[in-house]
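See below for the structure under consideration.
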Amino acid sequence: MSNNEVMIDIKNLVKEYKMFNKKTDRLFEAMFPFLNRHTVFKAMNNIDLELKKGEVLGILGKNGAGKSTLLKMITGVVTPTSGMIKVNGKISSLLELGTAFNMELTGIENIYQHGQIMGLTNEEIEESKQDIIDFADIGDHLYQPVKTYSSGMFARLAFACAINVNPDILIVDEVLSVGDMAFQLKCFKKFQQFKEQGKTIIFVSHNVNDIIKNCNRAIILKDGTKIYDGDVRTAVDKYKKIIVGMDEKLTTDDDKVEENIAIEKANNNELWKNNFTLNESNITYGDDSVEIFDYGIFDSDNKFQASINNNDSYSIKMKVKFNEKVENPIFALSIKDIKGLEVAGANTDAYAVQTGVYEKGQTIIVEFKQTIPLAPDKYTLSFGCTKFDENGNLKVYDRKYDVIIFEITAKRPCLGTVDLKTEILIK
């Protein structure tokens, strides 16, 4: 099976549901089909998707975007209204763990039943049985009825059954973090083994860091429509905009909005950001009531520093102009590694800093002072100005993702992502 082989091929996929205002309308239409008493909800709208062997696809989207509907149609749980789904290989899905279990049967009996439902022969079930038992690690409870299990034991056995059938295609929907910490580590290790074996994987998670770490391609679903398919980091940045309801105001390097020239002219000094390596692929969005128009990294002598030592103290500053009156905004910064994984950050809300009231036309400098004890590598710097409204919804005034590329150095080797500044004593 070559790496160019198409494992899942989806064309013009549509799923519609009839929506009735009253139960009697459903009954009335069933009795008299020529009378239309329903509206149509399109859960999936003309989706095309091709997934090749070895690809790990992340699916992003808000609740109700169509993620679960798509997965259920791929696994055959839900029948499409129209369109085509072609699957090449055995699928194991981790959608709703334990749906194939009989609560009256024991754990060991459910291992056999699950295997039969998955289409395994008795010989294949016997071959994988011990791996399932060892992976679940629930001891003598294996020989007790499943209905007596705690939720944790149930999840462990169900996950073990689903993951140990050697599938060609694995579908994972928000279930890798089941059970205790030790079992979660086993789950992620098994997932990594599947990736190394070149399995085709579809991965759904609301945790964008999991998507960045595990996937080499991502799609975004919105209202049953695929609105993006491609690079994982770009997908995550677009998805963050969708979460705060600002996906219509996205700007990228393909669609740049010119900086406010008046702001730049009003600044008598050279713009700080011109002293740094700027990322042309940054993501900028907001409602324009606040503008973050300049930023930089400074050492203790207030000099620009694009290469910093992880043992020294630095100030990260941003200049902010208010185009409207704003009360107590949240100022934030975040640092991402070269893969786009957010590794550190700070904001005034988390630190309980009262930021005050700002009038239209006012310009301020926000300064974050700290050491940055990260491992030597290249990173990107992001800035934000936001606020939670009275209903708890996040309002984005201005966000600038990955605008500065900078480097962290160290005087000694660092193991992992963070330098622990360890002192080792032997007595």
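Counting 0.36 nm for each residue step from N391 to N302 and taking away their Cα separation leaves a gain of 28.0 nm. Can you pull out the trypsin sites (Lys or Arg not before Pro) in segment 62-170 whose DSSP state is coil and whose Cβ has at most 16 other Cβ atoms within 10 Å? Sparse-neighbourhood loop trypsin sites (Lys or Arg not before Pro): K62, K90.
Rounded to the nearest Hz, the phi-derived 3J(HN,Hα) couplings of segment 410-427 under the Karplus curve 6.51 cos²θ - 1.76 cosθ + 1.60 (θ = phi - 60°) are 8, 7, 9, x, 10, 9, x, 8, 10, 7, 6, 6, 6, 10, 9, 10, 10, 10, where x marks glycine and proline. Highest average first, the peptides 21-27, 313-319 ordered by how many other beta carbon atoms sit within 10 Å of their residues are 313-319, 21-27. Once the Cβ-Cβ distance of T99 and K360 is raised to the sixth power relative to R0 = 60 Å, the FRET efficiency obtained is 0.60. How big is the dipole moment of segment 61-173 about its Cα centre under a simple scheme where the beta carbon of each Lys and Arg is +1, that of each Asp and Glu is -1, and everything else is neutral? Debye, nearest 20, please. Around 740 debye, computed over segment 61-173.
Restricting to DSSP H runs of at least four residues, report the calculated mean residue ellipticity at 222 nm for the chain, -39500 (n - 2.57) per run over all residues, nearest 500 deg cm²/dmol. Result for the chain: -7000 deg cm²/dmol, rounded to the nearest 500. Each residue of segment 327-333 was assigned a 3J(HN,Hα) from its phi angle through the Karplus expression (A = 6.51, B = -1.76, C = 1.60, θ = phi - 60°), giving 10, 6, x, 9, 9, 9, 9 Hz with x at Gly and Pro. The fraction of accessible area contributed by carbon and sulfur in the chain is 48 percent, rounded to a whole number (1.4 Å probe; ligands and nucleic acids excluded).
Based on C-alpha pairs under 8 angstrom that are at least 6 apart in sequence, segment 54-129 has a relative contact order of 15 percent. Hey, what angle do you get for helix 122-136 against the long axis of the chain, alpha-carbon based, 0 to 90 degrees rounded to 10? Around 40 degrees separate the two axes.
Given (i) 25.2; (ii) 24.0; (iii) 23.3 as candidate values of Kirkwood radius over Cα pairs in Å, which corresponds to the one derived from the coordinates? Here Kirkwood radius over Cα pairs in Å agrees with entry (i). Put a dot 7 Å past the Cα of D287, heading toward its Cβ, do the same for D48, and the two dots end up 3.7 nm apart.
Hey, got the dipole for the chain? About the Cα centre, +1 on K and R Cβ, -1 on D and E Cβ, debye to the nearest 20?
Using only the charged Cβ atoms, the result is roughly 500 debye.
Accessible area per residue for the chain, computed on protein heavy atoms with a 1.4 Å probe, is 52 Å². The charge dipole of segment 1-132, taken about its Cα centre with unit charges on the Cβ of Lys, Arg, Asp and Glu (plus for the first two, minus for the last two), comes to roughly 1000 debye. Near the amide H of K222, within less than 5 Å, lie the amide hydrogens of I227, all on another chain or at least 5 residues away, with H placed in the peptide plane. Our estimate of slack between L271 and K22, defined as 0.36 nm per intervening residue step minus the Cα-Cα distance, is 83.4 nm.
In the chain, taking the dipole from charged Cβ atoms about the Cα centre, the farthest positive-side position among F203, M31, V146 is held by M31. When the Gaussian network model of the chain links Cα atoms closer than 10 Å, the mean-square fluctuations of I283, I408, I117 top out at I117. Radius of gyration over Kirkwood radius for segment 342-413, both on Cα atoms: the Rg/Rh ratio is 1.03. When the charge dipole of the chain is built from unit charges on Cβ atoms (+1 for Lys and Arg, -1 for Asp and Glu) and taken about the Cα centre, the candidate among G54, I405, N391 whose Cα reaches farthest toward its positive end is N391. Shown here for segment 1-88: GluC sites (Glu not before Pro) in loop regions (DSSP other than H, G, I, E, B) with at most 13 other Cβ atoms within 10 Å, namely E5. How large is the direction-averaged shadow of the alpha-carbon convex hull of segment 102-225, in nm²? In nm², the orientation-averaged hull projection of segment 102-225 is 8.9.
With a simple spin-label model that places each label point 7 Å from the Cα along the Cα-to-Cβ direction, the separation between D131 and E342 comes to 3.7 nm.
The values are calculated or read from the model by the stated rules, or taken from the named source; none is laboratory data. Every value quoted in this text rests on a predicted model; they were computed, and no experiment measured them. In this analysis, Cβ positions are derived from the backbone assuming ideal geometry, glycine residues included, and neighbour counts consider all displayed protein chains. Accessible surface areas use protein heavy atoms only, side chains included; no ligands, DNA or RNA. Shrake-Rupley method; radii C 1.70, N 1.55, O 1.52, S 1.80 Å.
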